[in-house]
Amino acid sequence: MREINASIPFDKALWRQDIAASKAHVAMLGAQGIVSGADAETIREGLDQVAAEYEANGVPENWDLEDIHMTTESRLAELIGQAAGRLHTARSRNDQVATDFRLWVRDAMDQADAGLLALQVALVTRAGEHADSIMPGFTHLQTAQPVTLGHHLMAYYEMIARDRSRFADARKRMNRSPLGSAALAGTGFPIDRAMTAQALGFDGPTANSLDAVSDRDFALDYLMAASQCALHLSRLAEEFIIWASQPFGFVALPDALSTGSSIMPQKKNPDAAELVRGHAGRITGCLTALMMTMKGLPLAYSKDMQDDKPPVFEAAGLLALSIAAMTGMVADTKFRTERMRGAAELGFATATDLADWLVREGDIPFREAHHITGAAVKLAETRGVALDQLPLDDLKAIDSRIDARVFQALSVEASVAARKSHGGTAPDQVRLRVAEARTVLGLE
Ligand code: ARG
């Protein structure tokens, strides 16, 4: 029982929140005359001393004391004696743990936001440097049309912006204080829930005591936002892994985020990116774990809910590492722009531009233009040359409406410059988006 019951091995991570919530609670008990001013002051000083001990020596792990709440109260009693017993008036560990955990998750949301902001800064910085750098754009991982590297990086800026808004949204929804809900039904003492809520930075108290002690939506919201963010980071990581492989050779990854092989001296492995890709699996596993814990629980608190913390703590640690790794990767990777541009010229990436030119200049319906272009690509493929290296006569033989002006449309530069629709890959469009993003981020 001792072993299965104890949460102190992991919930000691809540000690700062536990002390803060207890201090808010006892200040309120004193202000409301529920405990004497003298006892409230003694308890406050005692809590500060316990906190100083935890800070200096860590939290002692005694399984008999079960959790961080009992551990702190027991140490408080050793330090200040009888008055310690008054701290738990008008509360329960159920509203206590719900409050502590909310505070912890709220910090984790703020940390995720700060990390993601730094990642966005790295993305817009590199995107600004590479608004004109041409690379192949892919669909099905097959060369599709030329794009700019800046455009590609800004795609991730958009994903991260949505991640930040998900954390912000979750934070807003969760910022209510459960403290004072007591065990499940509220309390008969004349408490002031608004006062403790305010002291802990909440927007106000929760509205229903049964819900407040049994709600872990805030943790699930966090894990959902974290999971979606981890999925984005894993996609970005995967791009770097592919780009760093020798046949691509698009990037030289930062040495600081790579490792060597113990047996193959020539190897430089993208381990950090691979671990980010792997961590996404673990983070979504944490979400699934907590969803399954909460499934089917009747009101109000059940001990199953003690299992809420490990997956959240694990996910938060993995997410912070993943964000930091990808920020370093984006900031310090060397992009081999000549290699990217060379790859964009392979694979007939400007075939769509030939078709578009026929539509524009020859007033040919797109379907027919697509067909003519197909014939040109086939010929170029047979000859082993790029589209713009086909002699004009051969192009004319395919369709007489083609003339010399077509070659201007077939370069990769012309191709990206032409795609200046809102949100398109044209360097001018990318520069606009980068400028907007820099304003949003407060960089301008
Ligand atoms: N250690 C418990 C948890 O983490 C604290 C709440 C215990 N409440 C109770 N009624 N046994 O959930």
* To do: Output ³J(HN,Hα) for the stretch 384-401: one whole-Hz value per residue in order, computed from phi by the Karplus curve 6.51 cos²θ - 1.76 cosθ + 1.60 with θ = phi - 60°, and x for Gly and Pro.
  => x, 10, 6, 4, 7, 9, 6, x, 4, 4, 5, 5, 4, 5, 6, 8, 5, 6
* Structure fact -> Here D for the stretch 264-350, in µm²/s, from Stokes-Einstein with a Kirkwood Rh over Cα pairs at 25 °C and 0.890 mPa s, works out to 147
* **Cα-centre dipole for the stretch 1-67 with unit charges at Cβ (Lys and Arg positive, Asp and Glu negative), debye to 20** => 200
* In whole angstrom, note down how far apart the Cα centers of the stretch 414-429 and the stretch 257-285 are. => 35
* Asked: How big is the gap, in Å, between the Cα center of the stretch 359-397 and the Cα center of the stretch 118-177?
  -> 35
* Dipole of the chain, positive direction: furthest Cα of 188, 119, 17, with charges on the beta-carbon -> 119
* Structure fact -> Taking R0 as 51 Å and r as the Cβ-Cβ distance between residue 332 and residue 36, the FRET efficiency 1/(1 + (r/R0)^6), rounded to the nearest 0.05, comes to 0.30
* Asked: With the calculation restricted to Cα positions, what are the radius of gyration and Dmax of the stretch 355-398 in angstrom?
  -> 10.4, 29
* Asked: By how many degrees, 0 to 90 and rounded to 10, does the Cα axis of helix 351-362 deviate from the longest principal axis of the chain?
  -> 60
* To do: Please name whichever of 232, 205, 174 sits farthest to the positive end of the charge dipole of the stretch 169-237, dipole taken about the Cα centre and charges placed at Cβ: Lys and Arg +1, Asp and Glu -1.
  => 232
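Hey, any idea what Rg/Rh is for the stretch 132-244, computing Rh the Kirkwood way over Cα pairs? Intermediate results must be reported in sequence, preceding the final value.
Values: Rg = 22.4 Å, Rh = 17.6 Å.
Radius of gyration over Kirkwood radius for the stretch 132-244 works out to 1.27.
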* **Rg and Dmax [Cα atoms of the stretch 191-236; Å; Rg one decimal, Dmax integer]** => 15.7, 50
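For a quick check: sort 211, 18 by the number of other beta carbons within 10 angstrom, fewest at the front. Spell out each step's value before the answer.
On the way: 211 15, 18 30.
The most exposed by this proxy come first: 211, 18.
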* To do: Arrange 439, 125 by Cβ neighbour counts within 10 Å, fewest through most, would you?
  => 439, 125
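Dividing the alpha-carbon Rg of the stretch 11-59 by 2.2 N^0.38 Å yields what?
Working: Rg = 11.6 Å, N = 49, 2.2 N^0.38 = 9.7 Å.
Its radius of gyration relative to the 2.2 N^0.38 Å reference: 1.20.
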* Asked: Counting only pairs 8 or more places apart or on different chains, how many lysine pairs in the chain have C-alpha atoms closer than 18 Å?
  -> 8
* Whole-Hz couplings from phi, Karplus 6.51/-1.76/1.60, listed for the stretch 29-38; x for Gly and Pro -> 4, x, 4, 8, x, 7, 10, 5, x, 5
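Give me 222, 54 sorted ascending by neighbouring Cβ count inside 10 Å, so fewest comes first. Spell out each step's value before the answer.
Numbers: 222 29, 54 20.
Starting with the residue having the fewest Cβ neighbours, the order is 54, 222.
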* To do: For the chain, report the convex hull volume of the alpha-carbon atoms normalised per residue, in Å³, without decimals.
  => 196
* To do: Specify the angular offset, from 0 to 90 degrees and rounded to the nearest 10, of the alpha carbon long axis of helix 68-80 from the longest principal axis of the alpha carbons in the chain.
  => 40
* Could you go through the stretch 108-118 in sequence order and give the Karplus-derived ³J(HN,Hα) for each residue, using 6.51 cos²θ - 1.76 cosθ + 1.60 with θ = phi - 60°, rounded to whole Hz, and x for Gly and Pro? => 5, 5, 5, 5, 4, 4, 5, x, 5, 4, 4
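May I ask you to derive the FRET efficiency for residue 302 and residue 52 from their Cβ-Cβ distance with R0 = 30 Å, giving the value to the nearest 0.05?
Details: r = 35 Å, r/R0 = 1.16.
In this case the efficiency is close to 0.30.
Mind running the shape call on the stretch 330-384? Use the C-alpha gyration tensor, a ≥ b ≥ c as the square roots of the eigenvalues: rounded below 1.5 for a/c, prolate if a/b tops b/c, oblate otherwise. Mind dumping the intermediate values first?
Details: a/c = 4.36, a/b = 2.01, b/c = 2.17.
Cα axes put the stretch 330-384 in the oblate bin.
Throughout, read-outs are computed from the coordinates displayed, never taken from laboratory work. Computed from a predicted structure; not experimentally measured. Using ideal geometry, Cβ is built from the backbone for each residue, glycine included, and neighbour counts are taken over all protein chains shown.
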